[in-house]
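Report on the structure given below.
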Amino acid sequence: MNTEVKDILDILEELNVSSGFDILIPSLKKEIKFKHLSTEQLKGILKTVVDSPIYNSQFTTTINRIILENCLDPSVDTKILTIYDKLFILFNTRIESVSVDYSFEFTDEEIKEHSLNLDDTKKKIINLSEHFTKFTKKQYEFLPETIEHGTCSIVCGLPSIETENKLEKELHKNVKIEVESPEELREIVGETFINEITKYVAIWF
């Protein structure tokens, strides 16, 4: 890599840091700086929408990869962040990178039934993010919990992003995306349900 290219990359990195935004991470109890979504990342998210109407493994792994790429604090291992942390990251990244507004679409029947007007079709999600932040500052902790049944004990807790990635990749590898019969639909729904439950199982003995 020649000097000019390195200088350009250094400038871009400094720009990323200076234009980044802070997000309060519940499990770390501190704010971490993230950079905005890139055009390529937004395209990647949109592509995952057609993954499957039944489960969203591609969307999940894509989002988790973006969290890894956009974290500007090298001391933070994003793989150990929890899916609760991810909720805060997603909301705030959406606000900072796209818009503070979220538009809703209603049918004519819904508008008439609930007496809706144009102001009801657009809400500021930044207000929701502020509620999350206030909740986090109270420092609630989601501690692991042990469930016992007979001679079996299971310790459940919030899964990490790394755990979620492993299980989603395994599910996506083993489950068909296209559903061709009711039997296949039942099988996919069952596999997806088990996958979601497994994420929260930390230890069993």
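Across the range 178-205, the number of residues qualifying as free of Cβ contacts under 8 Å to residues at least 24 places away in the same chain and among the hydrophobic types (A, V, I, L, M, F, W, C) comes to 3. Listed by position, the strands (runs of 3 or more DSSP E) inside the range 109-194 whose residues that are at pLDDT 80 or above and surrounded by 10 or more Cβ atoms within 10 Å (Cβ to Cβ) number at least 2 are 145-149, 152-156.
Please tell me if residue 27 is at pLDDT below 95, farther than 20 Å from residue 95 by Cα, touching a helix residue (DSSP H, G or I) at 6+ places or on another chain (Cβ under 7 Å) and surrounded by fewer than 17 Cβ atoms within 10 Å (Cβ to Cβ). In short, yes.
Filtered by the rule that a residue be assigned to a loop (DSSP other than H, G, I, E, B), modelled with pLDDT of 85 or more and of a type in the set (Gly, Ala, Ser), the range 37-55 gives a lone residue, 38.
For the range 88-101, the criterion of a residue being of a type in the set (Phe, Trp, Tyr), farther than 20 Å from residue 27 by Cβ and at pLDDT below 90 is satisfied by no position. Scanning the range 20-47 for residues that are in contact with a Leu (Cβ under 7 Å, 6 or more places away or on another chain) and not aromatic (Phe, Trp, Tyr) returns 20, 25, 27, 31, 33, 35. Regarding residue 5, is this residue on the phi < 0 side of the Ramachandran plot, in a helix (DSSP H, G or I) and at pLDDT below 70? So residue 5 passes the test.
The values are calculated or read from the model by the stated rules, or taken from the named source; none is laboratory data. Just so we're clear, the structure is a prediction, and the values are computed from it rather than from any experiment. As a convention, Cβ positions derive from the backbone with ideal geometry for all residues, glycine included, and neighbour counts pool all protein chains shown.
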